[in-house]
Amino acid sequence: MANYIPALAEVNPDQFGIAIYSNDGTLHTAGDAESEFSIQSISKVFNLILAMQQYGEDIWSRVGHEPSGQPFNSLVQLEYESGIPRNPFINAGALVISDMNYSRIAAPQYAMREFVRRLTGNPNLHYDHAVSDSEFETRARNAAMAYLMQSFGNFHNNVEEVLRYYFNNCSLRMSCVDLVKAFSFLANRGYCRHSDTQILSELDSKKINALMATSGLYDEAGNFAYRVGLPGKSGVGGGIVAIVPDQFSVCVWSPELNAAGNSLAGMSALEILSKRIGWSIF
Ligand code: DON
């Protein structure tokens with residue numbers, strides 16, 4: 001369990017859910033697919049898409065798109081790479097993206113929640129303030145990254161305020177069913193069927209999938225590509241979303257984590273499914 005966030009240590013570990021949502025609108029579920037959990041780093045994809053809509057390719061002057069090969073909360077590369085995080089999915093990268101959204105979007109917290117509600121088609125999604133307060137109280141590592149980036153000129157807003165925004169995003173409570181719907185446009189060339197909206201261009205949607213395939217599971221991205229073979233994004237709440245381009249989105253959730261901070265049962269479930277059905281982008 002993600003014990004470093006005290007409020008997440010209290011979740012019952014003995015849970016498992018899976019949902020699959022096809023581009024034709026068919027939904028399949030099993031287990032605890034409707035239970036809400038803390039999406040944590042899965043929110044980094046929503047955060048990045050909001051920034052892409054604002055900044056386009058200018059994003060890449062402040063964050064890279066290379067895998068880091070380091071744990072999600074590592075600081076080591078930041079110092080010798082002059083405050084430019086390797087990618088938008090490690091914590092340092094997501095903090096820079098949060099800073100960018102904070103600069104350009106009026107009421108970014110509200111904008112984020114409304115964006116995710118629209119993507120999901122569920123008007124009842126909420127932040128979990130018990131979780132975000134708990135993370136804010138134990139923020140030392142994330143705060144250290146943000147201040148280090150500020151010292152390199154790559155962080156422009158008030159660090160403590162941006163940390164609040166970032167932690168609130170991570171605390172969003174969603175179920176596997178919510179997440180497959182929210183991510184379905186990435187399986188459908190940028191088009192979200194249930195809201196009838198082109199969320200991203202086809203090209204930008206491919207770019208997000210490429211980033212998820214190379215960096216979505218941190219220092220375990222290679223292992224995930226090897227075992228599952230799909231673009232994916234995990235969170236320390238135990239959720240993993242994966243994309244089968246032109247076919248469907250899938251989400252698994254089970255709270256117990258492996259050493260890299262990814263769901264142990266979730267990884268296995270996706271591996272078994274991909275083998276059984278022969279899914280892989282490779
Ligand atoms: O900032 C953190 O550490 C968490 N809010 C998010 C980390 C996370 O989910 C990494 N995922 N595997």
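The values are calculated or read from the model by the stated rules, or taken from the named source; none is laboratory data. What you see is a predicted model, and the numbers here were worked out from it, not measured in a lab. Here Cβ is always computed from backbone atoms with ideal geometry, including for glycine, and neighbour counts include all displayed protein chains.
Worth a mention:
- Screening the candidates Asp24, Asp32 for the property of being more than 22 Å from Gln150 (Cα to Cα), out of contact with any helix residue (DSSP H, G or I) (no Cβ under 9 Å at 6 or more places or on another chain), among the charged types (D, E, K, R) and away from the ligand (no atom under 15 Å from the Cβ) yields one hit, Asp24.
- Note on the stretch 181-197: among residues that are in contact with a Phe, Trp or Tyr (Cβ under 7 Å, 6 or more places away or on another chain) and in contact (Cβ under 8 Å) with a residue 12 or more places away in the chain, the one that is farthest from Ser280 (Cα to Cα) is Cys192.
- When every residue of the stretch 142-161 is checked against the conditions, none turns out to be within 14 Å of Asp99 (Cα to Cα), surrounded by 15 or more Cβ atoms within 10 Å (Cβ to Cβ) and of a type in the set (D, E, K, R).
- For the stretch 248-265, the criterion of being aromatic (Phe, Trp, Tyr) and farther than 24 Å from Phe115 by Cβ is satisfied by no residue at all.
- Residue ID - surrounded by the most Cβ atoms within 10 Å (Cβ to Cβ), chosen from residues in the stretch 75-99 that are assigned to a loop (DSSP other than H, G, I, E, B) and among the small types (Gly, Ala, Ser): Gly83
- Restricting the first member to the stretch 204-231 and to residues that are without any contact (Cβ under 8 Å) to a residue 24 or more places away in the chain, and the second to residues that are of a type in the set (Phe, Trp, Tyr) and crowded, with 22+ Cβ neighbours inside 10 Å, the beta-carbon pairs closer than 7 Å and six or more apart or on different chains are Ser205/Phe185.
- Entry remark, the stretch 246-282: residues being at pLDDT below 95 and more than 13 Å from the ligand (Cβ to nearest atom) number 10 in total.
- Where Asp133 falls short, out of the listed (1) on the phi > 0 side of the Ramachandran plot; (2) within 16 Å of the ligand (Cβ to nearest atom): (1)
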